[in-house]
């Protein structure tokens with residue numbers, strides 16, 4: 001339940017900043033494409049995994065992180 005609340009909060013904050021956000025089925029939670037005030041894409045899409053507390057990454061998440069390297073971001077919420 002805490003994880004779902006953290007994911008919803010992250011999605012809300014990204015949408016408030018005007019970014020395009022998509023849920024993904026396996027290996028990560030969201031793909032975020034940054035946009036400027038005119039709606040044009042800025043940079044490459046970033047992959048975000050939302051974690052609460054000290055929860056570890058699953059095997060699928062570790063595999064996705066190895067594949068994407070710097071583009072895979074783990075956001076931790078207390």
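The helix-only estimate of mean residue ellipticity at 222 nm for the chain, built from DSSP H runs of length n ≥ 4 each weighted as -39500 (n - 2.57), is -10000 deg cm²/dmol after division by the residue total. In plain terms, the chain from residue 1 to residue 62 could stretch by 19.7 nm, reckoned as 0.36 nm per residue minus the Cα-Cα distance. Antiparallel beta bridges, as assigned by DSSP with both residues in the stretch 2-77, represent about 60 percent of the total such bridges.
In this rough spin-label picture, where each label sits 7 Å from Cα along the Cβ direction, the residue 38-residue 13 distance is 2.9 nm. Ranked for footprinting exposure by Cβ neighbours inside 10 Å, fewest first, 50, 37, 21, 42 give 37, 42, 21, 50. For the options 18, 53, 27, a Gaussian network treatment of the chain with springs between C-alpha atoms closer than 10 Å singles out 53 as fluctuating the most. Distance between the pseudo-spin-label points of residue 22 and residue 76 (7 Å out from Cα toward the beta carbon): 2.9 nm.
Between helix 59-68 and the chain there is an angle of about 40 degrees, using the helix long axis and the longest principal axis of the Cα atoms. Against the chain, whose longest principal axis comes from its Cα atoms, helix 2-16 is set at around 10 degrees.
Every number in this text was worked out from the coordinates using simple rules, so none of it is lab data. Please read all numbers here as calculations on a predicted model, not as lab measurements. Glycine also receives a Cβ, built like all others from the backbone with ideal geometry; neighbour counts cover every protein chain displayed.
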